[in-house]
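The next block holds one structure in the form of structure tokens; read it before the comments.
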Amino acid sequence: MSLQKPYNRLQISGVEIRLRELGRKLNLNKVHPHKFRRTLATMAIDKGMPIEQVQQLLGHQSVDTTLQYAMVNQNNVKASHKKYIG
């Protein structure tokens, strides 16, 4: 909902504008909704959620899109390497 009359539903651009304003007030650079989606995807994968479930959560048709969202945690890569390869 909008904070101003006529209290209509916020458009995507309205959410982006409010997040950027909040980011500026907190001295955070480049705050936008997709950053939260990327963080969610990365954290879910880091905690062991199957990529197909993350795909469904984000509403992606292709798992390739989901893989582009998630950032690889280098500590997890090292731990997996040690676990599976030695």
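No lab work stands behind these numbers, since they all come straight from the coordinates. Treat the numbers as computed from the prediction; the structure is a model and nothing was measured. Virtual Cβ from ideal backbone geometry, glycine too; neighbours counted across all protein chains shown.
Before moving on, here are some points about what is shown:
- Enumeration of residues in the stretch 26-54 that are polar (S, T, N, Q) and surrounded by 10 or more Cβ atoms within 10 Å (Cβ to Cβ): THR39, THR42, GLN53
- Screening LYS30 with (1) touching a residue at least 24 places away in the same chain (Cβ under 8 Å); (2) within 23 Å of GLN11 (Cα to Cα) gives one miss only, at (1).
- Test: ILE17 is surrounded by fewer than 14 Cβ atoms within 10 Å (Cβ to Cβ) and of a type outside the set (D, E, K, R): yes
- Of residues in the stretch 64-86 being more than 15 Å from the chain's Cα centre (by Cα) and of a type in the set (Val, Ile, Thr), the one nearest to THR39 (Cα to Cα): VAL77
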